[in-house]
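In what follows, a single structure is set out as structure tokens and then discussed.
Bear in mind these aren't lab numbers, they're just calculated from the coordinates by the rules spelled out. As the structure is a computational prediction, the values presented were derived from the model and not from experiment. Please note: Cβ atoms are built from the backbone with ideal geometry, for glycine as well, and neighbour counts cover all protein chains shown.
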Amino acid sequence: MESKLYKKIMVAIDGSENANKAAISGIEVARLSGAKLYAVTVMPTIPHLSYFGVSIEPTENVSPDEKDYHKHLVEDGRKTLEIVNEIGVKAGVQMEKVLLEGHPGSEIIKFAEKNDIDLIVMGTLGRTGLDRVILGSVALDVARHARTRIMIVK
């Protein structure tokens, strides 16, 4: 018997081990409820500390290195989405891959609101290093500001 509680589920992923665990949980909830699953990854507009170990100030002129960095982020995001998509399809879940760009927490919340998402599934820790002490900064941001249910997977 399918549950009508969840029709649209979003799993926010970034390629980290915790996000992958969250993706598997989200796929299972979607499978059990008959929901459509949106696998969402957000490329940060301004690079996160985790990629370089330091903060980087944006410049007005985009250098070839920055273009290569952006291309790398897009490729990385697509690979991450494809892995989750393959797992979901094998589980019999209707999947949609979504690659966004911007501030991860804000973009996840905006996508959830625009698409009437019933449940957001995320891991506790992502790629950022400084916020690993308690709860990932993106997960905390989404938990504080999203208007829908959230499942945070350890």
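Note on the range 65-115: Cα-only Rg and Dmax are 13.2, 40 Å.
Tally Lys and Arg at +1 and Asp and Glu at -1 over the other residues with C-beta under 12 Å from the C-beta of Ile117: what net charge comes out? Residues close to Ile117 contribute a combined charge of +3. Assuming R0 = 25 Å, what is the FRET efficiency of Arg144 and Asn115, from their Cβ-Cβ distance, to the nearest 0.05? Step by step, r from the Cβ atoms, then E = 0.80.
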